[in-house]
Amino acid sequence: MSAILKTEKLRVEFKSTEFRQAVKVALHGLDLEVNAGEVFGFLGPNGAGKTTTMNVLLGFVPATSGTASLFGIDVRQPIARQRIGYLPELTYYYKFLTADELLRFYAKIFGLTRAETDRRIPELLKLVELEHAAKRPIKSYSKGMQQRVGLAQALINNPDLLVLDEPTSGLDPLGRMKVREIIQRLKNEGKTVFFSSHELGEVETVCDRVAIVHQGELKTVGSVADVSAGSVNLEQAFLKIVGVQSQPLP
């Protein structure tokens, strides 16, 4: 299988705000590969380096050393990001826009023709189950609906790689189920999905492989079954790997 996302010895340092500490190391030599057509879960506690990794891949943050590439192209070249879609953890849209208007706005940014836009928008609204709300303002949407219109936005350019930062954060069980179903459909279409999440039950259900990072270091990578080997489930394995012992309920 070919790796379409790859980092080698990726290191990121930031100026530290802590007393007597010149720099803070967010990533310590991260080596990571994501193959075409797989759903890959990127896991770790808060502050582990997940969002920093995504920001390097998206060109928002420069690496201190090491390399990162998408589709074999260095991420520092804008062309590397033409085939990706991105959904940040915290989204902000003009709430007075409808879903249809929002998607047309992003279609223009990507240079889609009117004919492509007219064809693409109904397909995406059907995928995220928002056809019935296409003409409603986004301010009237529930949290789950807003997340799903965000997924549609990330897919407007028909990307080969989808990067999602905590796509089910703050959603109720029904909302998480719908996002999980969408990810599965995208996988069936041959898309590659790279996402971070704290919802380990969701990860266990949809992911082909996972990586766990802690304090900027890659601790393990492999199939869900391999990473969970010797543990009751992925959550217990995760806690062991990051050095936290789960306590039995009284």
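The values are calculated or read from the model by the stated rules, or taken from the named source; none is laboratory data. Computed from a predicted model, the values in this text were never measured in an experiment. We place every Cβ from the backbone using ideal geometry, glycine too, and count neighbours over all the protein chains shown. Accessible surface is based on the protein model in full, side chains and every heavy atom, while ligands, DNA and RNA are left aside. Shrake-Rupley method; radii C 1.70, N 1.55, O 1.52, S 1.80 Å.
Structural remarks
- Top-ranked residue of segment 12-30 - restricted to ones that are small (Gly, Ala, Ser) and in a strand (DSSP E or B), ranked as surrounded by the most Cβ atoms within 10 Å (Cβ to Cβ): Ala26
- Considering segment 101-136, and only residues there that are at negative phi and not in a helix (DSSP H, G or I), the residue that is most open to solvent (accessible area, probe 1.4 Å) turns out to be Lys135.
- Taken over segment 188-244, the criterion of being of a type in the set (Gly, Ala, Ser) and either crowded, with 17+ Cβ neighbours inside 10 Å or on the phi < 0 side of the Ramachandran plot (or both) is satisfied by Ser196, Ser197, Gly201, Ala211, Gly216, Ser223, Ala225, Ser228, Ala229, Ser231, Ala237.
- When segment 47-100 is filtered for residues that are in a helix (DSSP H, G or I), of a type in the set (Lys, Arg) and out of contact with any Phe, Trp or Tyr (no Cβ under 8 Å at 6 or more places or on another chain), only Arg81 remains.
- Those residues of segment 176-201 which are farther than 29 Å from Val12 by Cα and either of a type in the set (Asp, Glu) or part of a strand (DSSP E or B) (or both), in sequence order: Glu181, Glu189
- Some residue of segment 154-169 being over 22 Å from Pro122 (Cα atoms) and either among the charged types (D, E, K, R) or open to solvent by 50 Å² or more (accessible area, probe 1.4 Å) (or both): yes
- One residue stands out in segment 59-100 among those that are touching a residue at least 60 places away in the same chain (Cβ under 8 Å) and among the hydrophobic types (A, V, I, L, M, F, W, C): the one that is surrounded by the most Cβ atoms within 10 Å (Cβ to Cβ), namely Leu70.
- Meets criteria (touching a Gly at 6+ places or on another chain (Cβ under 6 Å) and open to solvent by less than 80 Å² (accessible area, probe 1.4 Å)) for Gly37: yes
- Any chance Pro159 is in contact (Cβ under 8 Å) with a residue 12 or more places away in the chain and over 20 Å from the mean Cα position of the chain (by Cα): no
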